[in-house]
Structure formats: C-alpha cells, structure tokens
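To keep things clear, I will list the structure first and then write my remarks on it.
Rule-based calculations on the coordinates, nothing more; no lab input. Just so you know, these numbers come straight off a predicted model, no measurement behind them. FYI the Cβ positions are ideal-geometry reconstructions off the backbone, even for glycines, and counts take in every protein chain you see.
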Amino acid sequence: MISKVFLEHPRSVDESYLEHAVFAGRFSLWLFAAGFAALIHAVIPCAFEKTASRMIAEMYARTHNRGK
C-alpha cells in the first residue's frame with residue numbers, strides 16, 4: 001500500500017520520491033506565479049500581457065512526455 005501511494009507514480013516518471021516531491025513543489029510555485037500574473041493582468045490589462053501563457057507553455061514543455 002505504501003509503495004502504491006508514495007512510490008508508484010514517481011517511478012513511472014523515472015524519479016525517486018524526493019526528486020518528484022521537489023519537482024512537483026517547484027511546479028506548484030510556478031503555477032501560483034502564473035495565476036498571480038493572470039490575476040494582475042485581469043485588473044491591469046497592459047501588465048503581464050503574455051506572462052501567464054508563456055509560463056504555462058514552458059511548464060507544459062517540461063512535463064510533456066515525462067517518463068515515456
């Protein structure tokens with residue numbers, strides 16, 4: 001059970017539990033930053049015009065086909 005909950009997915013992307021935790025933690029911070037940029041852009045349209053979409057595209061490129 002512990003292996004399934006904590007180790008199965010990290011192994012599927014060729015990472016240890018700790019490597020996966022660090023990657024996912026950093027990824028979540030980037031998501032919050034992109035969301036904040038989009039929020040500021042919603043209020044001030046000339047600010048961060050392409051920041052959130054660029055960040056999302058970069059994150060997708062990093063995660064697309066991981067572990068395949």
message = If Glu19 satisfies all but one of (1) touching a helix residue (DSSP H, G or I) at 6+ places or on another chain (Cβ under 9 Å); (2) within 16 Å of Thr63 (Cα to Cα); (3) in a loop (DSSP other than H, G, I, E, B), what's the number of the condition it fails?
response = (3)
ask   = Here are Phe48, Phe23, Phe27: which of them is among the aromatic types (Phe, Trp, Tyr) and touching a His at 6+ places or on another chain (Cβ under 6 Å)?
value = Phe48
request  = Identify all residues within the stretch 37-66 that are more than 14 Å from the chain's Cα centre (by Cα) and surrounded by 13 or more Cβ atoms within 10 Å (Cβ to Cβ); write none if there are none.
outcome  = Ala37, Ala38, Ile40, His41, Phe48, Thr51
